[in-house]
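Peer 1: Handing you a structure now.
The values are calculated or read from the model by the stated rules, or taken from the named source; none is laboratory data. Everything quoted here is computed from the prediction, not taken from an experiment. For neighbour counting, all protein chains shown are included, and Cβ atoms are generated from backbone atoms with ideal geometry for every residue, glycine included. What goes into the accessible areas is simple: the full protein's heavy atoms, side chains included, and nothing from ligands, DNA or RNA. Shrake-Rupley method; radii C 1.70, N 1.55, O 1.52, S 1.80 Å.
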Amino acid sequence: MRLSLDWLRDYVKVTSTPEALAEALVMTTAEVEETISAPLPLKEAVVGTITAIKPHPNADRLRLATVRVGKQSHTVVCGAPNIAVDQRVPFITAGKHYHTDKGESVLESATIRGVASAGMLASASDLGFGSDHEGIMILPNTAREGTSVAAVVGWELPTLDLEITPNRSDLLSYLGLAREVAAIEKNRVTMPPILSMPSHHSKSIATVSVETALCSRYTATVVTGITNTASPLWMQARLLAHDIKPQNAVVDITNYVMLELGQPLHAFDATTLREYGELCLSVRTAFNGETFTALDNKEYELSREDIVIDAGGQSIALAGVIGGRDSAVSATTTEIVLESAVFDAVAVRKTATRHSCRTDAVTRFEKGVDPEMTVVAVKRVLKLLHEICGGTVQGGMSDANYQHSTKQQINVSLERAKRVLGVTFSPTQAKTLLTKIGFGATQTGKHELSVLVPSWRNDSEIEEDIFEELIRLGGYDQIEPTLPSGPLCTSVKPVVYTTLSKIRHWMARNQLRELESQAFATAEHIATYHVNGGKPVQIANPTTNKEAYYRFSLLPHMIERALAQSRTTATLASFEIGNIATHSKERIDEHTHLAICMLTSDPVTTAQQVKGILETVPAAAQRSGGITFGNAKSVWPFLVKHPDEIRYSGKVVGQIGVITDAITRQGKLRGDRYLVVAEVTLTPILAAKTAIFRYQSPHKYPVVTRDITVTLAPDSTARDVLAAANPVPEIVKNITVADYHQTAAGPNVTFRITLYDDRTLTDSEVADAVQHITKILKKHSS
Amino acid sequence: MKLDAIKRDVSAVLTAKISRDDQYNKILGRKGVIATALRAIKDLPTAERAKIGAALNTLKIELEAKLKDTPAKSATFDVSLPGTPPVTGSLHPINVTIDRIVEIFGQLGFVAQTGNEIVSDYDNFGSLHFPLNHPARDTQDSFMLADIPDMVLRTQTSAAQVPIMSANDLPLRVLVPGKTFRREADATHQPTFHQIEGFIVDEQVTFADLKGMLNYFVEEFFGRPMKTRFRPHFFPFTEPSAEMDVLWERPDGSTRWLEVVGSGCIHPAVLQNAGINPKKYQGVAFGFGVDRLPMLQHGIDHMRALSNNDEELLRQFALL
C-alpha cells in the first residue's frame, strides 16, 4: 500500500519530518519498502500559460506556441493537437529533464525545422507521471505560472511504499494509516466530509435481496442526473500515484474512496440495468456453467462456488472481485447504482484464485473489511459525486442483511503480559496506549483490563494480540534485551545433525568439495538415472515444466555439473549430502543420501580412493558397523559394467562405478577422462549406535611386508584373487593391492602382504607364508 | 696392492657425477674402496702390512674429513620459489554458515535437529495457525505433490515445530536447519533455499529474551557490534511477532537495513496443537533465511553463483 504524505495530511496533522515518520511507522506499524519522491521532470517542470499559437512556417503538423511564465515568454515548437490559447500547461526549459522509457534525459535546446524551441510542453508521460502521452497535460486555470507542476498535482512530499502484513486489512486505507500516524504524532484523525442523508432507512428506488450467507451486508444507492466528466486533476494525480489509471469521475471517485476508507465500491450504469427490468438487485450464487463477461473483457465461466450480483436475471458483477462489462459506467453515463457491500473473505479469495483475477477489491475483501464502513463509504462517495458530477440521490439507500456487529471483548492480564513480554505495563499506561488506536479499555482488577476491539481490527482475537498492541505502541526499541534463564534442554539429542556434520567434515578433509544442488529432478533424469524401487515424487505445480519432480537421487545434478565444468577443470572431486525421496502409493520414503562424483583420468585409482573414503565413513562419524564392497547384483544402468555394491553392516546401501560412455559423450566430456560416482543412503548409519574408535597399541616386533606382482587372467578380478587366497596363514595380517596398471597382457597387480606376530618372525616362516599365497595368486594369473 | 691404484680409484669416485652420499659410500662405505683395501691387508706380506696400513688410515682420515666438511646438499635448493596452494576439500558456504549458526546458538543451549523436506500440509501450515484459504498463505506459495494429497515440500523449517514439540519432553531449545521450497524465482529468490528454525518452549521465556538472543546472535555472527532494529511484523504462528534488521554497510559506504530474522512468541494455538498447555508453557521462535548470510559476509553478488556450485567459487571456500 502506498502512502502519499501529501494526501495523508487530509486526515491527520503531521509534525515529524517524512524521514522521522517513515522510521516511526517501521517501528510500530509497517515496513517501508521504498520512499518514492516525485519524478524529477514533474518537479522541474513549471506552469506556463499559452498566450498565442501560430502555424510553423516549415511544417504542417507543428505549431509555434508562445508560453508565458511570469514575466518571460518563450516560443516552443509543439506537435500536440490539444493545446489552445489561455491553457495552463507544464513547461520544461532546455537543460531540465524529461521522462523516457529508458529513464530521465536532459532536454537539449533544439531548432526544429528552422525554428528555435526554448523548451517543450509536456504530456503526463513526459513528466514521468502516468502513461498518458496522447496530448499535453492541461493544468487547472488556478495553477500559478512558474510553480512546480509537482506542487500543482499535489506531489511534494515523498510517497511511502508500505508492506502491509496480511493481518492488518485496516491498513489498506488512508483512514487506517491515519489512525496509526495519529497515535505516533499524538494527534487526532479528521474524517473526510460526507453527505448527510436524512436517514439511510429511507429506501432507494433500487431494491436489494441477499440470497446467500456469503454476503453479510449489501447496500445500493441510486444517483441520477450526473455529468460524468473527467475527474479533477488532484484526484487523478492521487490515483496515478497509486498506479490506478484515471477513467471518468464516477469510477475515479469509487476508487478514490476505496483508497481513502478501505471499502471497495462499485458503480453500475443504471440505464443499462433498467434495460434488464426494474432496478431489483439480488446477491446469489452463480449457476454451474454460467458465463460472465467482466470489465477486463474476459469471459469467466462460473460455478456454484461463485457469488454474483443479479439484475433482472443478468449477472452484473462477480461479487467482491470485478464488475461486468455491459453494466460498466462510461463517460456517457447519467445515472448509477452504487454498491457498497461486505462479502465473505474466503469466498472472494477462492473465486479470485479460481479465476486468476486479482483486483484491489479482492485484496481488501479477502482480508476482511470493516463492517461499520459500508455506509460511511457510500456517504463519502455521494459527497464527492455531488461536488464533481452533480446529480440527485433517488430516495435513500437499500440496506440488506445488515446486523449490527457487537465488538469483541478481551480480558487482559498485565501480569501475564509481563510474563510473556518481559516488559511491565501499568493499567494506566496500557489504557492510554490502547485508546490511542481506537480500542476501548477499562480496568477490571489490579492488573486486569477489559478491552473492546474496534470494528476495523478483525485481527485482534486473543489476549496475546493485545500484548502485541501494547508492545508495538510502547516501542520494540524500548524493550530491554535479556537472555533466557530457564533450564537447559536435555530431552532431544543432536545425533543426526552432528553425525551428518562429521561426515561432511570428513569428506572435506579428504579433498572432496561439497555441493548444494537444487532438490528437483527432470523427466530426463528419471529416464537415465532412476533405478528400481519407489516411484519418483512428482510436483503438481512446478515452476518450470522441466524440474517437475522432487529429487530421487543426488547424482543427476552432480553429474551434469561435473560435465559442464569439465571444460574448465581437468579433474573434480565433489560430494553432496541431502535428502531424496520416492513413494509407493501414498507412502513417501525420504532418506538422507551421500553421493560422490569424481572427474578423473585414472578411474581405477580414483575408485580405490573413493572406496577408501567410504570405508572410513562410519568410524569418522562415530557410528558402529563397517562399510564393505562386493560385486553389484542389480547393476545401476548408468554405470559401466561390473560396478561394486556398497554394503553397510552387510546390507546393500548403494553402488560405486564409472559413468557410461553414452552419458559422458552426450555431456561432451573431452579427453581420456571418466566420471567415477558413488551414492549411498545414510539412513542406517544415522540410526546406528555410537562407536568410539579403539586405540591399537603400536607393534612391538618388526612388521614384514612382501610385494608380489602378477598379471591377472583375462576374466579374473583382483577381488577373485584376494578371495581365493583365504584362508591365509595366521601370521598374514593383511593383503592389499599396492599397484595396478594395465598392460597389453592384462592388468599387472602388485599385492602387498603384511605379516606380523607378537614375536620376531623367522625368515623361513615368512617365506613359507608368502610362497603359499604366491602359489594361489599365480593360479589366477595368465 | 698399490697405494697409487687405490688413490686413483678414490679420485675416480670423487670426480664421478654422483651424489656426495654415493661418493661417501663408494669410498668409505662397508664395501667401499678403503674398506676393501683394509680387508685386503691381511693378504699382504707382513713387512708391507704396517706401511700400507698406516698410509691407508691416513688416507681414510683425510677422506673422512674431506667428505664430511664439504657442504653437500644446501647449495642445490632454491627456497625462494613461490608457495603452492594446499590441496584441500571444502564445505559449501551455506553449510559453513549453518554450522556457524548452530555453534552460536549452541552456546545458548540450543540442540540441532533435522526434519523431513516433504511434510504434511498440516505440519507446514495448519499446525502453525495458517488457516486454509487465508491470504497469509500467499506469502508462502507451496509446491504440492501430484499423486499424494495434503503433502507439500516444506515452505519453512517451522514445519518441524509441532512434530518436535509433540515428540519430546519440555523444556525445549531446538534448532532445525534445512532446505525449504517456495514457488518463486527471481534474482533474489530461488525455489530451493535454506532456513534455520529455532524455538524455546518453557515455563518462562519472554519476548525480551528473544530480542536479547537475536542481538547476541548478530554480534557473534558478524564478529562485531552491529546496529540492529527489532520491529513489529506478522507471522500466523507467533504473537507478538517481530523482525530484526541489521544496518548493513555497502562497499561504497552507504547503508541499508537488511532483514535477517523473523521471530515472535509462539502463538498459543501452536502450543495447543502440540498438546502443550499454553497457560503453563510459553515459547519463542525465530527463523533465518540462510542463503543471504554468506553472500553478505563474503561479497557474493549473485545467488545463482552459489546455487550453480561453480568450482571456482567453491574452491575459495576451502578457507572456511
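Peer 1: From the list A:VAL308, A:VAL329, which one is in contact with a helix residue (DSSP H, G or I) (Cβ under 6 Å, 6 or more places away or on another chain), open to solvent by less than 80 Å² (accessible area, probe 1.4 Å) and either of a type in the set (A, V, I, L, M) or assigned to a strand (DSSP E or B) (or both)?
Peer 2: Working: A:VAL308 fails: in contact with a helix residue (DSSP H, G or I) (Cβ under 6 Å, 6 or more places away or on another chain).
Only one candidate passes the filter, namely A:VAL329.
Peer 1: Please specify each residue of region A:644-662 satisfying the condition of being open to solvent by 20 Å² or more (accessible area, probe 1.4 Å) and either farther than 14 Å from A:THR606 by Cβ or out of contact with any strand residue (DSSP E or B) (no Cβ under 6 Å at 6 or more places or on another chain) (or both).
Peer 2: A:ARG647, A:SER649, A:GLY650, A:LYS651, A:VAL652, A:THR660, A:ASP661, A:ALA662
Peer 1: Of the residues A:ALA688, A:ALA632, A:ALA662, A:ALA607, only one is among the hydrophobic types (A, V, I, L, M, F, W, C) and closer than 18 Å to A:ILE503 by Cβ; which? Even if it seems obvious, please write down each step before you answer.
Peer 2: Values: A:ALA632 fails: closer than 18 Å to A:ILE503 by Cβ; A:ALA662 fails: closer than 18 Å to A:ILE503 by Cβ; A:ALA607 fails: closer than 18 Å to A:ILE503 by Cβ.
Exactly one residue qualifies, and that residue is A:ALA688.
Peer 1: If B:ALA136 passes every condition in (1) touching a helix residue (DSSP H, G or I) at 6+ places or on another chain (Cβ under 7 Å); (2) closer than 30 Å to A:ALA352 by Cβ; (3) touching a residue at least 60 places away in the same chain (Cβ under 8 Å) but one, which one does it miss?
Peer 2: (1)
Peer 1: If we keep just the residues of region A:225-281 that are outside any helix (DSSP H, G or I) and in contact with a Cys (Cβ under 8 Å, 6 or more places away or on another chain), which is farthest from A:GLY154 (Cα to Cα)?
Peer 2: Of the residues in region A:225-281, the ones outside any helix (DSSP H, G or I) are A:225-232, A:241-248, A:262-269, A:277-281.
Add one more test, that the residue is in contact with a Cys (Cβ under 8 Å, 6 or more places away or on another chain), and what stays is A:226-229.
Details: A:ILE226: 27, A:THR227: 25, A:ASN228: 23, A:THR229: 21 Å.
Looking at the filtered set, the residue picked out is A:ILE226.
Peer 1: Considering each of A:GLU464, A:GLU468 in turn, give the residue that is without any contact (Cβ under 8 Å) to a residue 24 or more places away in the chain and touching a Pro at 6+ places or on another chain (Cβ under 9 Å). Quick ask: steps written out before the conclusion?
Peer 2: Numbers: A:GLU464 fails: without any contact (Cβ under 8 Å) to a residue 24 or more places away in the chain.
Result: A:GLU468 is the single residue among A:GLU464, A:GLU468 that is without any contact (Cβ under 8 Å) to a residue 24 or more places away in the chain and touching a Pro at 6+ places or on another chain (Cβ under 9 Å).
Peer 1: While we're here: Show the residue pairs that are 6+ apart or on different chains and have beta-carbon atoms under 6 Å apart, the first residue being within region B:148-168 and without any contact (Cβ under 8 Å) to a residue 40 or more places away in the chain and open to solvent by 10 Å² or more (accessible area, probe 1.4 Å), the second being in a loop (DSSP other than H, G, I, E, B) and of a type in the set (A, V, I, L, M, F, W, C).
Peer 2: B:ASN168/A:VAL492
Yes/no per residue for (1) within 14 Å of another protein chain (Cβ to nearest Cβ); (2) surrounded by 14 or more Cβ atoms within 10 Å (Cβ to Cβ):
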site: B:LYS42; (1), (2): no, no
site: B:LEU63; (1), (2): no, yes
site: B:PRO93; (1), (2): yes, yes
site: B:ILE98; (1), (2): yes, yes
site: B:ILE104; (1), (2): yes, yes
site: B:GLY109; (1), (2): yes, yes
site: B:VAL119; (1), (2): yes, yes
site: B:TYR122; (1), (2): no, yes
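Peer 1: Since B:ARG304 meets every condition but one in (1) out of contact with any His (no Cβ under 8 Å at 6 or more places or on another chain); (2) under 21 Å from A:GLU480 (Cα atoms); (3) charged (D, E, K, R), which condition does it not meet?
Peer 2: (2)
Peer 1: Consider A:THR159 carefully, then state whether it is at pLDDT 90 or above and surrounded by fewer than 20 Cβ atoms within 10 Å (Cβ to Cβ).
Peer 2: Details: at pLDDT 90 or above: yes; surrounded by fewer than 20 Cβ atoms within 10 Å (Cβ to Cβ): no.
No: the conditions fail for A:THR159.
Peer 1: Would you confirm whether any residue within region B:202-213 is assigned to a strand (DSSP E or B), under 23 Å from B:GLU103 (Cα atoms), within 30 Å of the chain's Cα centre (by Cα) and at pLDDT 95 or above?
Peer 2: Within region B:202-213 (the criterion being assigned to a strand (DSSP E or B), under 23 Å from B:GLU103 (Cα atoms), within 30 Å of the chain's Cα centre (by Cα) and at pLDDT 95 or above), the answer is no, since none of the residues qualifies.
Peer 1: Among residues belonging to region B:124-138 that are open to solvent by 10 Å² or more (accessible area, probe 1.4 Å) and outside any loop (DSSP other than H, G, I, E, B), point out the one that is farthest from the other protein chains (Cβ to nearest Cβ).
Peer 2: Checked region B:124-138; the qualifying residue farthest from the other protein chains (Cβ to nearest Cβ) is B:GLY126.
Yes/no matrix, rows are residues, columns are (1) open to solvent by less than 40 Å² (accessible area, probe 1.4 Å); (2) of a type outside the set (S, T, N, Q); (3) at pLDDT below 95:
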| position | (1), (2), (3) |
| --- | --- |
| A:GLU372 | no, yes, yes |
| A:LYS383 | no, yes, no |
| A:THR392 | no, no, yes |
| A:GLY395 | no, yes, yes |
| A:SER398 | yes, no, yes |
| A:ASN401 | no, no, yes |
| A:ILE410 | yes, yes, no |
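Peer 1: Just one of (1) within 7 Å of chain B (Cβ to nearest Cβ); (2) in a loop (DSSP other than H, G, I, E, B) trips up A:ASP465, so point out which.
Peer 2: For A:ASP465, the failing item is (2).
Peer 1: Taking B:ARG137 as the residue in question, decide whether it is modelled with pLDDT of 90 or more, among the charged types (D, E, K, R) and touching a Phe, Trp or Tyr at 6+ places or on another chain (Cβ under 7 Å). Lay out the reasoning, then the answer.
Peer 2: Values: modelled with pLDDT of 90 or more: no; among the charged types (D, E, K, R): yes; touching a Phe, Trp or Tyr at 6+ places or on another chain (Cβ under 7 Å): yes.
It is false that B:ARG137 is modelled with pLDDT of 90 or more, among the charged types (D, E, K, R) and touching a Phe, Trp or Tyr at 6+ places or on another chain (Cβ under 7 Å).
Peer 1: Please note which strands (runs of 3 or more DSSP E) are completely contained in region A:693-782 and include at least 1 residues that are touching a Ser or Thr at 6+ places or on another chain (Cβ under 6 Å) and among the hydroxyl-bearing types (Ser, Thr, Tyr). Break it down into steps so the answer makes sense when it comes.
Peer 2: Values: elements: A:704-711, A:732-743, A:746-755.
In region A:693-782, A:704-711, A:746-755 are the strands (runs of 3 or more DSSP E) which contain 1 or more residues that are touching a Ser or Thr at 6+ places or on another chain (Cβ under 6 Å) and among the hydroxyl-bearing types (Ser, Thr, Tyr).
Peer 1: Could you pull out the residue among B:ILE196, B:ILE200 that is within 24 Å of A:THR498 (Cβ to Cβ), crowded, with 18+ Cβ neighbours inside 10 Å, in contact with a Pro (Cβ under 7 Å, 6 or more places away or on another chain) and facing chain A (nearest Cβ under 7 Å)?
Peer 2: Criteria check complete, one pass: B:ILE200.
Peer 1: Has region A:355-362 got any residue that is within 14 Å of another protein chain (Cβ to nearest Cβ), without any contact (Cβ under 8 Å) to a residue 12 or more places away in the chain, among the hydroxyl-bearing types (Ser, Thr, Tyr) and open to solvent by 10 Å² or more (accessible area, probe 1.4 Å)?
Peer 2: Within region A:355-362, one or more residues are within 14 Å of another protein chain (Cβ to nearest Cβ), without any contact (Cβ under 8 Å) to a residue 12 or more places away in the chain, among the hydroxyl-bearing types (Ser, Thr, Tyr) and open to solvent by 10 Å² or more (accessible area, probe 1.4 Å).
Peer 1: Consider region A:135-175. How many of its residues are closer than 10 Å to A:LEU3 by Cβ and assigned to a helix (DSSP H, G or I)?
Peer 2: Summing the residues that are closer than 10 Å to A:LEU3 by Cβ and assigned to a helix (DSSP H, G or I) in region A:135-175 gives 2.
Peer 1: On to the next question. Which one is modelled with the lowest pLDDT, of the residues in region A:735-761 that are open to solvent by less than 70 Å² (accessible area, probe 1.4 Å) and among the β-branched types (Val, Ile, Thr)?
Peer 2: Top of the filtered list is A:THR743.
Peer 1: Could you list, in sequence order, the residues of region A:41-61 that are out of contact with any helix residue (DSSP H, G or I) (no Cβ under 9 Å at 6 or more places or on another chain), modelled with pLDDT of 90 or more and closer than 24 Å to A:SER125 by Cβ?
Peer 2: A:GLY48, A:THR49, A:ILE50, A:ILE53 - these are the residues of region A:41-61 that are out of contact with any helix residue (DSSP H, G or I) (no Cβ under 9 Å at 6 or more places or on another chain), modelled with pLDDT of 90 or more and closer than 24 Å to A:SER125 by Cβ.
Peer 1: Oh, and also: In region A:686-701, what count of residues is obtained for those that are open to solvent by 80 Å² or more (accessible area, probe 1.4 Å) and touching a Phe, Trp or Tyr at 6+ places or on another chain (Cβ under 9 Å)?
Peer 2: So the count comes out to 2.
Peer 1: Considering region A:548-563 alone, what residues qualify as being within 8 Å of chain B (Cβ to nearest Cβ) and either in contact with a Cys (Cβ under 9 Å, 6 or more places away or on another chain) or among the charged types (D, E, K, R) (or both)?
Peer 2: Correct list: A:ARG561 only.
Peer 1: Output the residue which, of all residues in region A:122-134 that are part of a loop (DSSP other than H, G, I, E, B) and out of contact with any Asp or Glu (no Cβ under 8 Å at 6 or more places or on another chain), is farthest from A:PRO246 (Cα to Cα). Reasoning before the result, please.
Peer 2: Step one: list which residues in region A:122-134 are part of a loop (DSSP other than H, G, I, E, B), which gives A:122-124, A:128-134.
Cutting the leftovers down to out of contact with any Asp or Glu (no Cβ under 8 Å at 6 or more places or on another chain) gives us A:122, A:129-132, A:134.
Values: A:ALA122: 18, A:PHE129: 12, A:GLY130: 10, A:SER131: 11, A:ASP132: 10, A:GLU134: 14 Å.
That would be A:ALA122.
Peer 1: Here's another thing I want to ask about it. Condition (residue is surrounded by 18 or more Cβ atoms within 10 Å (Cβ to Cβ), under 34 Å from the mean Cα position of the chain (by Cα), at the interface with chain B (Cβ under 7 Å from one of its Cβ atoms) and in a helix (DSSP H, G or I)) applied to region A:513-522: is it met by at least one residue?
Peer 2: No, the conditions are met nowhere in region A:513-522.
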